[in-house]
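A short write-up of the structure that comes next.
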């Protein structure tokens, strides 16, 4: 979130949208993610002085109509709100642009989407040229220890669960995903953020890197620490992403990026379970919920170290059919 605030500040200071977008493209690798982040940055930017002055005059104009005034305040307080009230829409159309031209230009065009996809493919190839070496055994031991530690803090427990189940930040912390027992080291998971098809509404099987009953208890404890709050995926990212990132940077065992936990989970699961001859890429695709093999290639270039081979195997892996 700090990076997004820096982008918004740069735009407020007059920097061009093209320069800011170039920096964002280096950080966010998919068109969908880039579109979401540019929207966040635009909403963080300051309104123009002309817009604020016009809002003051408009409020003074409708103050005698309480219902209209309340609806107008709601719409002005949420600039992306699509109000259903025709009278409010007409009033808002009289206002000058809320944001300067350079901020309004921060958008992902169709050509930009193509460029992002090309860049992502190039980065995937680059990632797979060299292995990223992580002490997998130490990382797994730390996560399993946090899972059974009743004194573990919210963000510590969340990171442990993300590694042990391979779920995204929003899937772990939005309070709406469900996890139920499906075997000694398997869960039935619903609430996937990026569905690969209509069948995903029924959920999927995922292997766990710790006893499944402990993982279920861990999620129950996580919900207690969150006071059973439910959030949208966007609100989840805003609330927790910066704290998770900072905790990873402080830790001695954790990996450098939150999203890398999914890749490490895939590599560990591939090594710890028997997959009946399925290829690594196919297993990664199924347990991460990807729509194709190409997506999974970015998650498999990790080396877990020689000591990881000493980890006891956990039996037959839980696998939802991808077809």
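Quick note: the coordinates plus some simple rules give every number you see, no bench work behind them. All figures in this text were calculated on a predicted structure; none of them were measured in a lab. Using ideal geometry, Cβ is built from the backbone for each residue, glycine included, and neighbour counts are taken over all protein chains shown.
What is the calculated FRET efficiency for residue 225 to residue 257, with r their C-beta to C-beta distance and R₀ = 22 Å, to the nearest 0.05? Working from the Cβ atoms, E equals 0.40.
The Cα trace of the range 152-227 gives Rg and Dmax of 11.7, 37 Å, the first to one decimal, the second as a whole number. Remark: C-alpha extents of the range 1-59 on the principal axes read 43, 21, 19 Å, sorted largest to smallest. Between residue 311 and residue 56, full extension at 0.36 nm per residue minus the direct alpha carbon distance yields a gain of 85.2 nm. Using the rule -39500 (n - 2.57) for each DSSP H run of four or more residues, divided by the residues of the chain, the 222 nm mean residue ellipticity is -17000 deg cm²/dmol. Relative to the longest principal axis of the Cα atoms of the chain, the long axis of helix 17-27 makes an angle of roughly 10 degrees. Cβ crowding within 10 Å ranks 262, 66, 107 as 66, 107, 262, fewest other Cβ atoms first. Neighbour counting of Cβ atoms within 10 Å sorts the residues 44, 204, 24, fewest neighbours leading, into 44, 24, 204. Springs join every pair of Cα atoms under 10 Å in this Gaussian network model of the chain, and among 60, 115, 50 the largest mean-square fluctuation is at 60. May I ask for log10 I(q)/I(0) of the range 1-118 at q = 0.10, 0.23 Å⁻¹, from a Debye sum over the Cα atoms as equal point scatterers with solvent left out? Calculated log10 I(q)/I(0) at the listed q: -0.38, -1.20.
With respect to the chain, whose longest principal axis is taken over its alpha-carbon atoms, helix 260-272 is tilted by about 20°.
Shape index of the chain: Rg/Rh, with Rg the Cα radius of gyration and Rh the Kirkwood radius from the inverse mean 1/r over Cα pairs, equals 1.04. One chain, two ends: residue 78 and residue 154. Fully extended at 0.36 nm per residue, the span grows by 24.4 nm beyond their Cα-Cα distance. Measuring how big the range 131-310 is from its alpha-carbon positions, Rg and Dmax come out at 15.2, 43 Å. The distance from the alpha carbon centre of the range 156-234 to that of the range 262-292 is 17 Å, rounded to a whole number.
Relative to the first principal axis of the alpha-carbon coordinates of the chain, what is the inclination of helix 66-77, with its axis defined by its Cα atoms, in degrees from 0 to 90 and to the nearest 10? The helix 66-77 is inclined about 50 degrees to the chain.
Working from Cα pairs under 8 Å separated by at least six residues, relative contact order for the range 131-310 is 30 percent.
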